[in-house]
Amino acid sequence: MRVAMVGTGYVGLVSGTCFAEMGAVVACIDNDAAKIKRLRNGQIPIYEPGLDELVKKNKAAGRLTFHDNIRQGIAGADIVFIAVGTPTGIYEGQTDLSYVYAAAEEIASYLQQGTLVVTKSTVPVKTGERIRKIISKKNKGLKFQVASNPEFLREGCAIKDFLEPDRIIIGVESQTARRKLEKLYAPLLDRNVPILVTDVKTAELTKYAANAFLATKIAFVNEVADLCEKTGANIEDVSAGMGLDHRIGKDYMKPGPGYGGSCFPKDTRSLVYTANKLGAPTHIVATVIEANERRKLNMVDKISEAAQGALRGKKIAVLGLAFKANTDDMRDSSSLVIIPELLKAGAIIRAHDPEAISHARNLLSGNIVWCEDKEAALKGADMAVIITEWKEYAQLDLAATKKLLKKPLIVDLRNLYTLEEMEKAGFTYVSIGRNPVTKIKARK
Ligand code: UGA
């Protein structure tokens with residue numbers, strides 16, 4: 001199968017590489033010529049574990065090429081995927097589809113008869129219809145089909161998610177389109193990965209519904225965690241107890257500082273926008289968005305309370321800036337809300353992240369010391385705040401950490417430690433939805 005992937009962002013690059021790994025001949029296309037040049041030289045523009053090896057391997061095998069010329073890239077393709085960005089538009093929640101439409105417009109003239117055009121980008125329901133119109137208008141007489149094949153990979157474990165997915169969703173208009181996509185996915189279907197074949201609109205909506213549901217699960221657990229803090233109950237056990245019911249499931253039940261990233265915040269807003277526009281409001285999702293935004297701010301109160309209200313002049317070691325571990329992505333990260341508020345309250349931030357510092361530097365400013373390693377951040381700080389669940393923060397040498405900090409005070413927004421180990425190590429330890437380890441004395 002010959003595949004063209006228009007757009008080499010996160011989804012495009014990972015999907016293109018993985019399709020090549022599955023045996024297809026893939027041309028990855030992007031109009032950013034500098035990026036294509038770097039990719040040809042083996043430089044990967046994103047931090048994604050295992051991706052560089054896979055790109056190298058498939059490039060060497062001749063199954064993966066990179067192009068900045070769209071005509072050259074899509075020549076001879078049986079399937080053209082559109083995997084360009086769909087950022088938030090100018091109206092609250094609306095999705096900016098200009099890149100998708102521009103891609104449809106650009107490919108229209110060069111498509112061969114019978115090509116299948118598939119959206120991999122996350123696009124609002126009914127976008128496929130618009131793509132069809134754009135291509136038909138530009139290339140009259142062309143026989144082509146439009147399909148939707150949403151992607152469910154997570155940053156940080158994108159390759160595994162792509163090659164070992166829970167399911168494949170395809171929205172098609174005909175059996176021919178179905179067969180083409182089934183052929184492309186044959187290596188996964190042979191391993192009994194479930195496939196759901198539906199119409200284009202249903203596939204488009206399934207993607208948003210899935211992300212919104214996962215976001216809802218997280219927001220729900222975060223609220224229950226707040227209730228645990230008020231009552232002395234333990235969220236880890238509540239969450240485990242709920243998750244053992246297979247109807248609920250144990251995943252996406254971890255409390256934290258509020259969800260972030262390039263997908264949940266954007267996709268929930270987009271779903272609410274579309275639903276309102278179509279007259280079927282999604283009240284639950286709207287509330288989830290609100291609760292999640294409030295949560296990020298509430299984390300500041302939590303830190304402030306742990307510092308007994310006195311943040312002015314306090315040195316705070318912030319461990320973790322990315323929206324989650326194993327990525328350098330800062331988009332909608334809780335750190336982007338928490339750090340500016342701490343700075344406003346007069347704190348001095350000593351920030352560390354294993355991968356995200358260079359991005360964070362462009363997004364945050366003020367009284368921040370950017371630290372090369374976690375030890376430098378901790379040294380002489382009045383307290384440490386863990387925002388991202390990087391493995392290296394879950395494996396701190398607690399005795400050494402205690403020596404580095406001015407006071408043994410840790411606010412852990414990811415529950416990386418048990419209360420017992422923190423008590424044993426002699427820390428005042430404030431986490432999420434669990435009793436604090438040392439009762440914080442009321443401010444005089
Ligand atoms: C998410 C979805 O999980 C993917 O299935 C989807 O393909 C992707 O969006 C997308 O639409 O492209 P991703 O944004 O990479 O993937 O990140 P997740 O691992 O799902 O985490 C999202 C946020 O939820 C993070 O801030 C994370 O820390 C938070 N989270 C996750 C929790 O607070 N608790 C949990 O139990 C799980």
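Looking only at segment 127-181, how many residues end up being open to solvent by 70 Å² or more (accessible area, probe 1.4 Å), away from the ligand (no atom under 16 Å from the Cβ) and under 30 Å from residue 51 (Cβ atoms)?
2
Residues in segment 386-442 that are open to solvent by 30 Å² or more (accessible area, probe 1.4 Å) and either under 23 Å from the mean Cα position of the chain (by Cα) or within 16 Å of the ligand (Cβ to nearest atom) (or both): how many?
Count: 6.
Go through 317, 322 for me and flag whichever is within 16 Å of the ligand (Cβ to nearest atom), open to solvent by less than 10 Å² (accessible area, probe 1.4 Å) and in contact with an Asp or Glu (Cβ under 9 Å, 6 or more places away or on another chain).
322
Considering only residues of segment 1-16 that are modelled with pLDDT of 95 or more and more than 19 Å from the chain's Cα centre (by Cα), which is farthest from residue 185 (Cα to Cα)?
In this case the residue turns out to be 6.
Scanning for something buried (at least 18 other Cβ atoms within 10 Å of the Cβ), part of a loop (DSSP other than H, G, I, E, B) and not aliphatic (A, V, I, L, M), does segment 95-105 turn up at least one residue?
no
In the list 29, 46, which residue meets the criterion of being surrounded by fewer than 18 Cβ atoms within 10 Å (Cβ to Cβ) and β-branched (Val, Ile, Thr)?
Going through 29, 46 in turn, just one is surrounded by fewer than 18 Cβ atoms within 10 Å (Cβ to Cβ) and β-branched (Val, Ile, Thr): 46.
Residues checked against (1) more than 12 Å from the ligand (Cβ to nearest atom); (2) farther than 28 Å from residue 338 by Cα; (3) β-branched (Val, Ile, Thr):
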| position | (1), (2), (3) |
| --- | --- |
| 232 | yes, no, no |
| 247 | yes, yes, no |
| 252 | no, no, no |
| 263 | no, no, no |
| 294 | yes, no, no |
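Any chance you could count how many residues in segment 355-382 are among the basic types (Lys, Arg) and open to solvent by 40 Å² or more (accessible area, probe 1.4 Å)?
Within segment 355-382, residues that are among the basic types (Lys, Arg) and open to solvent by 40 Å² or more (accessible area, probe 1.4 Å) number 2.
Regarding residue 202, is this residue farther than 22 Å from residue 156 by Cα and either modelled with pLDDT of 95 or more or within 7 Å of the ligand (Cβ to nearest atom) (or both)?
Answer is yes for this residue.
Quick check on my filter: what residues within segment 297-315 are part of a loop (DSSP other than H, G, I, E, B) and touching a helix residue (DSSP H, G or I) at 6+ places or on another chain (Cβ under 7 Å)?
Selection gives 311 alone.
Quick one: residue 42 ticks every box in (1) in a loop (DSSP other than H, G, I, E, B); (2) touching a residue at least 60 places away in the same chain (Cβ under 8 Å); (3) in contact with a helix residue (DSSP H, G or I) (Cβ under 7 Å, 6 or more places away or on another chain) except a single one, so which number is it?
Every condition holds for residue 42 apart from (2).
Can you pull out every residue in segment 5-26 that is open to solvent by 10 Å² or more (accessible area, probe 1.4 Å) and within 16 Å of the ligand (Cβ to nearest atom)?
Hits for segment 5-26 are 9, 10, 11.
May I ask you to list the residues in segment 265-296 that are open to solvent by 30 Å² or more (accessible area, probe 1.4 Å) and not in a loop (DSSP other than H, G, I, E, B)?
266, 269, 273, 276, 277, 283, 284, 286, 287, 290, 293, 294 - these are the residues of segment 265-296 that are open to solvent by 30 Å² or more (accessible area, probe 1.4 Å) and not in a loop (DSSP other than H, G, I, E, B).
Sort out which residues of segment 210-230 are within 9 Å of the ligand (Cβ to nearest atom), crowded, with 20+ Cβ neighbours inside 10 Å and farther than 17 Å from residue 296 by Cα, and write them in order of number.
211
Looking at segment 321-345, which of its residues are among the charged types (D, E, K, R) and outside any loop (DSSP other than H, G, I, E, B)?
The answer is 341, 344.
Inside segment 332-354, can you point out the residues that are open to solvent by 20 Å² or more (accessible area, probe 1.4 Å) and out of contact with any Phe, Trp or Tyr (no Cβ under 8 Å at 6 or more places or on another chain)?
Within segment 332-354, 336, 337, 340, 341, 343, 344, 345, 348, 350 meet the criteria.
The values are calculated or read from the model by the stated rules, or taken from the named source; none is laboratory data. Note that the coordinates shown come from a computational prediction; the quantities given were computed from them, not determined experimentally. With ideal geometry, Cβ positions are generated from the backbone for all residues, glycine too; neighbour counts draw on all protein chains shown. With ligands, DNA and RNA removed, areas are computed over all heavy atoms of the protein, side chains included. Shrake-Rupley method; radii C 1.70, N 1.55, O 1.52, S 1.80 Å.
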